[in-house]
Amino acid sequence: MKLFHYLRTPYHIPLLTLAAPMILSNISVPLLGLVDTAVIGHLSHAHYLAGIALGSGSIALLFWLASFLRMSTTGEIAQAFGEQNQARSYQSLLASLAIAMLFALTLVASSPFLLDMIERLAKPSVEVMEQASLYFSIRIYSAPAAMMNLVLLGFMLGLQYGKGPFYIVLFTNLVNIILDLLFVIGFEWGVAGAAWASVIADYSALILALYLTAALLKRKGWTFAWLMPNRAHLLHLLTLNKDIFIRSLVLQLCFSFMTFYGARLGENTLAANAVLLNFLMLVSFAMDGIAYAVEAKVGQAKGAKDVEKLKTWVAVSILWGSLFAVLYCFVFALFGPSIIGMLTTIPSVVDTALVYLPWLIILPLIAMSCFLFDGVFVGLTRAREMRNSMIFSALFGFFLPVFLLLDHGNHALWLAMTCFMALRGITLIYRYRKLDGQNSLLK
C-alpha cells in the first residue's frame with residue numbers, strides 16, 4: 001500500500017521539476033569528459049590519452065575534495081529556507097565563499113608539491129608524466145573560480161532554484177567543448193589546449209553565477225546584507241565542512257587509487273580505465289540530479305519541522321533513482337562497445353576497455369542508493385554519519401578486496417569499486433532507518 005501511495009503522490013512533479021535541470025546539466029559534465037577523451041584519444045599515441053587521464057584525474061580529485069563546499073551550503077541554505085531565516089542564509093553564503101577562496105589559494109600555492117606527489121604515486125612513463133604535468137600546471141589556476149562556483153551552486157539549490165545551476169553547468173561545458181575543439185584541433189595545442197579551455201570556461205561560469213545569484217535575490221525581494229556568522233553558527237559550519245571534507249577525501253582516495261594503480265598496470269590499462277570511468281561519471285552525475293533535488297527538499301522539510309514530508313521526499317527519490325539505474329544498465333549493456341569506440345580508436349585501448357565493460361553494466365543499480373542517501377544526509381546536515389559511512393566502506397568495501405585479490409590486476413580494482421558503492425548505500429540506509437526509529441530525523 002505504501003508503494004501505491006508513493007506512486008500516486010503529488011510530490012513527483014516538484015521533485016522532478018527541481019531535478020530535471022540538474023540531470024540535464026550534470027549529464028553535460030561527463031559529456032565534456034567524453035569530448036576531452038575523444039579529442040585527445042584520436043591523437044597519434046596512447047601517452048597523450050594516458051597523460052590527460054592522469055592530469056585531469058588529479059585535478060578532479062582536488063576539485064571534488066571541495067564538494068563539501070556545495071554540500072554544506074545546500075544543506076544549510078535549504079534548512080534556512082524552510083525556517084524562512086534570511087539572515088542565516090547570508091551568513092552561510094558569505095562564510096562558505098571565504099572558505100572556498102582559502103581552499104583554492106592553498107591548492108594553487110601547493111601545486112608543485114602536488115605534482116611531485118602525483119609522480120611518486122603513479123610512477124608513469126616520462127612521456128605520460130610530461131603530458132600530465134602540462135595539463136595540471138595550467139588547470140590548477142581555475143581553482144578559485146571552480147571553488148566559488150560550487151558555493152553559488154549550493155546556494156541556488158538550497159533556495160530551490162534548479163534552473164540556475166542548469167544554466168551555469170551547461171554554459172561551462174558548452175564553452176569548454178567549443179574551446180576544446182578550437183584549441184586542440186584548430187590550434188593544435190594538444191593537452192595544453194584542453195587545459196586552457198577548462199580554465200577559461202570556469203572563470204566565464206563564475207561571472208554568470210554571480211549574475212544569476214544577484215537576479216535570484218532580486219526576484220525574492222531580498223536585500224543583500226554583509227552578515228558575519230555568530231560564533232555558534234560558524235563552529236557548526238566549520239564542523240559540517242570538516243566532516244564532509246573528510247568524507248570527500250576518502251571518496252577521492254578510492255578513485256585516485258584507481259588511476260594511480262591503473263598507471264602501474266600499464267598505459268593501456270590506465271587509458272582504458274579513463275574511458276570506463278566516464279561511464280561511471282555519467283551515472284553519478286545523473287543520479288546526483290535526483291540527489292541534489294532531495295538535498296533541497298529534505299533540508300527544507302527539516303527546517304519546517306515536517307517529518308512526514310521529509311520521509312515522503314526520500315521515498316519518491318528512491319523510486320526515481322531506481323528507474324534511472326535500470327535504464328543505465330540497459331544502455332551500457334546495449335551501447336557500451338559503441339561508446340568505447342567513439343571515445344578512442346587506439347585498438348589496444350579499445351580491447352582492454354571491452355574486457356572490463358561488464359563491471360560498468362552492473363554498477364548503476366548497485367550504486368544507486370549511495371548517491372541518493374548522500375543527498376538525504378546532506379539535507380539533514382548530518383555530515384558525521386556520511387563521514388563514518390565513507391570511511392567504513394572504503395576500508396572494508398574497497399581497500400580490503402583490492403589487497404586480497406591484488407593478483408587479479410584491474411579486475412580487483414573494479415570489484416573493489418563495486419563493493420565500495422554497495423557498502424556505502426547499505427550503511428547510509430541503516431543509519432537513516434535507525435534515526436527514523438529513534439524519531440531523530442529532525443534533530
Considering all alpha-carbon pairs of the stretch 303-389, what whole percent are spaced by more than 16 angstrom?
64 percent
For Arg231 and Asn388 in the same chain, what is the full-extension length gain: residue separation times 0.36 nm, less their Cα-Cα distance, in nm?
53.9 nm
Taking a label point 7 Å from the Cα of Leu102 along Cα-to-Cβ, the residues of the stretch 56-70 whose backbone nitrogen sits under 17 Å from it are 66-70
Length gained if Asp116 through Thr17 is fully extended, taking 0.36 nm per residue and subtracting the Cα-Cα distance, is 31.1 nm
Assign unit charges at the C-beta atoms only (+1 for Lys and Arg, -1 for Asp and Glu), then state the dipole size of the stretch 49-142 relative to its Cα centre in Debye, rounded to the nearest 20.
120 debye
Anyone know which of Ile77, Ile391, Ile52 comes out most mobile in the 10 Å Cα GNM of the chain?
Ile391
Anyone know which of Leu413, Leu327, Leu206 comes out most mobile in the 10 Å Cα GNM of the chain?
Leu327
Could you order Thr352, Thr17 by accessible surface area, starting with the largest, using a probe radius of 1.4 Å?
Thr17, Thr352
Hull surface divided by four, with the convex hull built on the Cα atoms of the stretch 56-119: how many nm²?
4.5 nm²
Semi-axes, largest first, in whole Å: what does sqrt of 5 times each Cα gyration tensor eigenvalue give for the stretch 269-338?
33, 14, 6
Filter on Lys242/Lys305; Lys220/Lys434; Lys242/Lys302 - keep pairs with C-alpha separation over 32 Å
Lys220/Lys434
With all protein chains present, how much of the accessible area of the stretch 257-395 (probe radius 1.4 Å) comes from carbon and sulfur, to the nearest whole percent?
68 percent
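Can you tell me the relative contact order of the chain? Whole percent, Cα pairs under 8 Å, sequence separation 6 or more.
Dividing the mean separation by the residue count of the chain yields 25 percent.
Quote the FRET efficiency, to the nearest 0.05, computed for Lys220 versus Val326 with a Förster distance R0 of 51 Å and r equal to the Cβ-Cβ distance. Kindly include the intermediate steps, with their values, before the conclusion.
Numbers: r = 38 Å, r/R0 = 0.75.
Approximately 0.85, to the nearest 0.05.
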How do the peptides 253-263, 81-91 rank, highest first, by the average count of neighbouring beta carbon atoms within 10 Å per residue?
253-263, 81-91
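Quick one: work out Rg over Rh on the C-alpha atoms of the stretch 235-283, Rh as Kirkwood radius. Let's see the in-between values first.
Numbers: Rg = 14.9 Å, Rh = 12.4 Å.
Rg/Rh: 1.20.
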In debye to the nearest 20, how big a dipole does the stretch 309-443 give about its Cα centre with +1 on each Lys and Arg Cβ and -1 on each Asp and Glu Cβ?
840 debye
If I model a spin label as a point 7 Å beyond the Cα along the Cα-Cβ vector, how far apart are those points for Leu404 and Asp351 in nm?
3.3 nm
Positive end of the charge dipole of the stretch 291-398 (Lys, Arg +1 and Asp, Glu -1 on Cβ, about the Cα centre): tell me which of Val378, Met368, Phe324 has its Cα farthest that way.
Val378
Work out the FRET efficiency for Arg433 and Ile185 from their Cβ-Cβ distance, taking R0 = 35 Å, and round it to the nearest 0.05.
0.10
Can you tell me the dipole magnitude for the stretch 293-389 around its Cα centre, using point charges on the Cβ only (Lys, Arg +1; Asp, Glu -1), in Debye to the nearest 20?
460 debye
I need the per residue convex hull volume for the stretch 122-192, using only the alpha carbons, in cubic angstrom as a whole number.
100 Å³
Heavy atoms of the protein only, probe of 1.4 Å, neighbouring chains included. What is the accessible area of Lys242 in Å², nearest 10?
110 Å²
Just name one of Leu343, Ala301, Ala286: the one whose Cα is farthest towards the positive end of the charge dipole of the chain (beta-carbon charges, Lys/Arg +1, Asp/Glu -1).
Ala301
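Okay, helix-only estimate at 222 nm for the chain: each DSSP H run of n ≥ 4 adds -39500 (n - 2.57), divide by all residues, round to 500 deg cm²/dmol; what do you get?
Working: 17 runs with 374 residues, N = 443.
Only helices count here, giving -29500 deg cm²/dmol.
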Under 23 Å from the Cα of Lys218 - lysines, other chains or at least 8 residues apart:
Lys163, Lys297
Place the peptides 53-59, 292-298 in order of packing, highest mean first, counting for every residue the other Cβ atoms within 10 Å and averaging per peptide.
292-298, 53-59
Ignoring ligands, DNA and RNA, how do Cys329, Cys370 rank by accessible area with a 1.4 Å probe, largest first?
Cys329, Cys370
Counting other Cβ atoms within 10 Å, which chymotrypsin sites (Phe, Trp or Tyr not before Pro) in the stretch 367-412 have at most 10 and lie in a DSSP loop?
none
In percent, what relative contact order does the stretch 54-165 have, based on Cα pairs under 8 Å that are 6 or more apart in sequence?
50 percent
Return the equivalent ellipsoid semi-axes of the chain as a descending list in whole Å, where each equals the square root of 5 times an eigenvalue of the C-alpha gyration tensor.
34, 25, 20
Place a point 7 Å from Cα of Trp64 in the direction of its Cβ. Which residues in the stretch 366-390 have their backbone N less than 17 Å from it?
366-375, 387, 390
Calculate the length of the line joining the C-alpha centroid of the stretch 297-314 to that of the stretch 164-218, in whole Å.
35 Å
Give the ranking of Arg387, Arg219 by solvent-accessible surface, highest area first, calculated with a 1.4 Å probe.
Arg219, Arg387
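The values are calculated or read from the model by the stated rules, or taken from the named source; none is laboratory data. Owing to the predicted nature of the structure, the values given are computational and were not obtained by experimental measurement. No Cβ is skipped: glycine too gets one built from the backbone with ideal geometry, and neighbour counts run over all protein chains shown. Accessible surface areas use protein heavy atoms only, side chains included; no ligands, DNA or RNA. Shrake-Rupley method; radii C 1.70, N 1.55, O 1.52, S 1.80 Å.
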